Structures are given as C-alpha cells and as structure tokens.
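The values are calculated or read from the model by the stated rules, or taken from the named source; none is laboratory data. Note that the structure is predicted; figures quoted are calculated from it, not measured. Here Cβ is always computed from backbone atoms with ideal geometry, including for glycine, and neighbour counts include all displayed protein chains. Side chains included, ligands, DNA and RNA excluded: accessible areas come from the protein's heavy atoms. Shrake-Rupley method; radii C 1.70, N 1.55, O 1.52, S 1.80 Å.
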Amino acid sequence: MSAPVLRLAAQDEAKRVVDFVNANFDWRLPLINREEYFDFYYKSGNSLQFALAEEEGVLVAAAGYIRASDAPDADVWVSVWVAAKGHNGVGLELMAALPRLTGAQVVACNNIRPKTMAFYRFLGWHADRVGHFYRLAGLSEYRLARVADPTVLPAGGDLSLEPVEGPGALAALGMPDSPHTPRKDVWYMQRRYFAFPHLTYQVYAAKEQGRLLAYLVCRVVDSGQGKALRIADFVGDTSLLPRLGAAIDRLLKASGAEYAECYCAGVDPAVMAAAGFCERREGDANILPNYLQPPLFENTEYYYFTSDPDRFVLFKADGDQDRPNLPAD
C-alpha cells in the first residue's frame, strides 16, 4: 500500500468531514454536529480548518484545529482528532504533520483524555495536568463551594483593570507584548470574546502610564446556588499577575461570587500565590465546582499537550473549551 496522503481539507469537504467523524468517534460531538459551533471553530473565511489523511482516496484520519491568530503561521489548538479503526498509526502521522501542514509554530490541545497523553509524548511533545487555582471571597458561609480550608491569601498590586467595551475598543488598544505562546492577535480576541455564541465575557485592560500591559478575560457564572468568577484568559506577561491581585479581588467582591477560579498551565504556582490564588491539587478537600448549570459538587481535572512547553501558557477558554455543554442535535 502506498504512503497515506496528508493534506489540508478543501472548503467543500465539510460534509465529508462531519460524516467521517460521526462514523468513527465514540459519540456525536456537539462541536461537529451543531452548525453554530462547527462554523465558529472550524471555518475562517474560505478555509475549513481540518487536516486529513487518505489511503487510496479513502479518508482514514482527520484533525480539526482552531487558529490563535489571523496570521499565515498561526499557532493552533487541536480540537478533534479521529482515526478510523485500525488506522491509529496514520492518525499519529497526521498529528505529527500538523506543524508542516498548517505552518503553525506551536500545536497544542486543551482537554485531552488522560489515556492519550502517551500518544503525544511519543511524538516528543509535552502532556500534563492543567493547574487549578482559586481565591475564596472570605465569606462566613458558602453555598456553592465546599470549603474545608478557608485560607484567603493576601492580594496586592499597583495595577487596575479597565473594562474594554467592545471589539472596536479592543482594536484601538491593540495587543500587549507577551513572551508566551500560542500567539494571539486582535482578530482572535475580537472573535473569541465578543462574537462567541451563547456566552458573554468581560474583557479588562491593564495599563501603565497609558501603555497596554495585558488583557484579563472573565465571566460570572450563576449556578442558582451561588456565583463563581471564572478567569477565562490572560494575555500578556504572566509575571504581571501579582500586580493585579487587588484588582482581581475587587472584581470578585463586585461580582458577588463565592470564589474566583482559574484553570491554567505554564504559570508558576508561586506567581499565582503572589496574586492571591491558592492552588487546588488533586485530592484536596476544598471543592470548587467546574460544572455549574446545574452545579456538580466535585472537582474536575483537565489535561493538555503542547509541542512547545518552554513558552507555553494555557487558560480555560483556549481551544474549544469554556462553552455551554449543548446537545449535539
């Protein structure tokens, strides 16, 4: 048999991709079968953001990806990776070829199955658990959080957070300098946080003497039994976070939430502690529910991979995460 053909999907292959994923994945994925999700995540202009593997014209593997910028060499998050039965090896070949096919300098994925971590390590990439950090509001009673250890770390800092009122205001501000990957741009920020279906985000800018230093993105989630302030993204040098501790605490108090929480990777826990956030480790007694509508009173673990661990930073809304869990049809 000849070597598999690895290529990017053509614009008119959407139905072929959807049919293949539905035939070969464990369940019907909302990302694939809900039109608003499929269009948001996998279509950009005339591009269909899938890489395909074919053997003698038959589709045997597919990988859907999400671009972090509008640049030709945009870093990408892998969102859906499916191989036909008996073709896992070709699926790995396709994954390894993604940097070449897409031009991405960094390939990553937010929320992988723990049992697949070995696949990515086989490719020479880094796979690990996503850290979880939280700041309690210091209440006398909690209805949503399950609090065995009520520690609230000190939070200071000299920077404030200013609301960014819309995509035009964000475009006027531009992007802050950042040493981290994936590399995000104005196109990505406008699209992800001002045009995302179903959810509303608050984008804040941190400045110093008029110069943009960072963006903080969050949203308040009301479970009906208490609120949580979810930090969805931070764009800028993460070493600035301790200078924003008091400002984030003010957002927490103003929101009426029981706690602020943040899933992130690539951020030193000491930096998060200096910003006022405790680290939740696996097996900790405190429970900060992740699924809130309705609330599920247990902690949730996430895992990720990246082809470039040295500069990589991941937050909750990266890739295809932080979205309503809607039915597939």
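General remarks:
- Candidate set: segment 127-146, residues that are hydrophobic (A, V, I, L, M, F, W, C) and open to solvent by less than 50 Å² (accessible area, probe 1.4 Å); chosen: the one nearest to the chain's Cα centre (by Cα): VAL130
- Selected residue (criterion: surrounded by the fewest Cβ atoms within 10 Å (Cβ to Cβ)) from residues of segment 203-213 that are part of a strand (DSSP E or B) and without any contact (Cβ under 8 Å) to a residue 40 or more places away in the chain: ARG211
- When ASN46 is tested against (1) among the polar types (S, T, N, Q); (2) open to solvent by less than 30 Å² (accessible area, probe 1.4 Å); (3) farther than 17 Å from SER79 by Cα, exactly one condition is not met: (2).
- Flag if GLY86 is at pLDDT below 95, under 28 Å from TYR193 (Cβ atoms), open to solvent by 40 Å² or more (accessible area, probe 1.4 Å) and out of contact with any Gly (no Cβ under 7 Å at 6 or more places or on another chain): no
- Taken together, LEU31, LEU52, LEU6, LEU59 contain a single residue that is modelled with pLDDT of 95 or more, surrounded by 15 or more Cβ atoms within 10 Å (Cβ to Cβ), in a helix (DSSP H, G or I) and of a type outside the set (D, E, K, R), which is LEU31.
- Conditions (1) touching a Leu at 6+ places or on another chain (Cβ under 9 Å); (2) assigned to a strand (DSSP E or B): number failed by ILE66: (1)
- Qualifying positions in segment 15-48 - acidic (Asp, Glu) and within 22 Å of PRO197 (Cα to Cα): GLU35, GLU36, ASP39
Per-residue answers, yes or no, for (1) buried (at least 18 other Cβ atoms within 10 Å of the Cβ); (2) under 16 Å from the mean Cα position of the chain (by Cα); (3) in contact (Cβ under 8 Å) with a residue 24 or more places away in the chain:
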position: TYR215; (1), (2), (3): yes, yes, yes
position: GLY226; (1), (2), (3): yes, no, yes
position: ALA232; (1), (2), (3): yes, yes, yes
position: ASP237; (1), (2), (3): no, no, yes
position: ALA254; (1), (2), (3): no, no, no
position: GLU261; (1), (2), (3): yes, yes, yes
position: CYS264; (1), (2), (3): yes, yes, yes
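- Subset tally (residues that are out of contact with any helix residue (DSSP H, G or I) (no Cβ under 7 Å at 6 or more places or on another chain) and surrounded by fewer than 21 Cβ atoms within 10 Å (Cβ to Cβ)) for segment 287-321: 20
- Among the conditions (1) over 15 Å from VAL130 (Cα atoms); (2) under 19 Å from the mean Cα position of the chain (by Cα), PRO309 misses just one, which is (1).
- Scanning segment 118-146 for residues that are closer than 30 Å to PRO294 by Cα and hydrophobic (A, V, I, L, M, F, W, C) turns up VAL130, PHE133, LEU136, ALA137, LEU139, LEU144, ALA145.
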